[in-house]
């Protein structure tokens, strides 16, 4: 009886392959329906390596969630010379482009805060929403003000809900989402 030859990979590459495999599994099934054995098999590693890199199945899940809910920091052109409504419109286009790029996996993960129990998942979603609020304020050339961030964070939940309707349910068009989100951002950032 012979065993398959194992390939030694660099730690960063191995960690990445485990994260990628877990992301695929968690995108298709809830946390509690995915076993550590299955995660290891999908990544082509032993269960021991999953624990070595992440400590626990929960820690791996949280790492996948953290990556899934963060909007990318793609370059946004300088919008400072434009009127606020145009800056908002272009910023929302940028966000919707990112949602299109990351698709249903981002929408599913970003809306999963209450689907998997303890507040550690909610903390990750809250962190991502605060980061998104800061990015929007920066793009709109508005001050990074705690009150403005507090008004924008709930808009993040609205954006995710609209994106689910658009990208998952097919009940809205991108133009509808764009118009609704622009109106909400203009309302909450009005002086």
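The values are calculated or read from the model by the stated rules, or taken from the named source; none is laboratory data. All of these numbers come straight from a predicted model, not from anything done at the bench. Neighbour counts are summed over all protein chains in view; Cβ atoms, including those assigned to glycine, are modelled from backbone coordinates with ideal geometry.
Which residues, taken from region 71-96, are surrounded by 14 or more Cβ atoms within 10 Å (Cβ to Cβ) and either at pLDDT below 60 or over 19 Å from residue 183 (Cβ atoms) (or both)? If the condition is that a residue be surrounded by 14 or more Cβ atoms within 10 Å (Cβ to Cβ) and either at pLDDT below 60 or over 19 Å from residue 183 (Cβ atoms) (or both), then 71, 76 are the ones that fit.
Candidates are the residues of region 158-191 that are under 19 Å from residue 88 (Cα atoms) and not in a helix (DSSP H, G or I); the one that is modelled with the highest pLDDT is 173.
Regarding region 97-113, can at least one residue be identified that is at pLDDT 85 or above and under 18 Å from the mean Cα position of the chain (by Cα)? Explain how you work it out, then say what you get.
Step one: of region 97-113, the residues at pLDDT 85 or above are 97.
Subsequent filtering for residues that are under 18 Å from the mean Cα position of the chain (by Cα) retains 97.
Yes: one or more hits.
Going by what's in this entry, would residue 141 be described as in a loop (DSSP other than H, G, I, E, B), under 28 Å from residue 56 (Cβ atoms) and at pLDDT below 90? Against the criterion (in a loop (DSSP other than H, G, I, E, B), under 28 Å from residue 56 (Cβ atoms) and at pLDDT below 90), residue 141 does not qualify.
Filter region 114-123 down to residues that are under 19 Å from residue 153 (Cβ atoms) and modelled with pLDDT under 80 and give me whichever is surrounded by the most Cβ atoms within 10 Å (Cβ to Cβ). Before the answer, list the steps.
Step one: of region 114-123, the residues under 19 Å from residue 153 (Cβ atoms) are 114, 119-123.
In the following step, the residues that additionally are modelled with pLDDT under 80 were identified as 114, 119-122.
Values: 114: 10, 119: 10, 120: 13, 121: 22, 122: 14.
Ranking the candidates gives 121 first.
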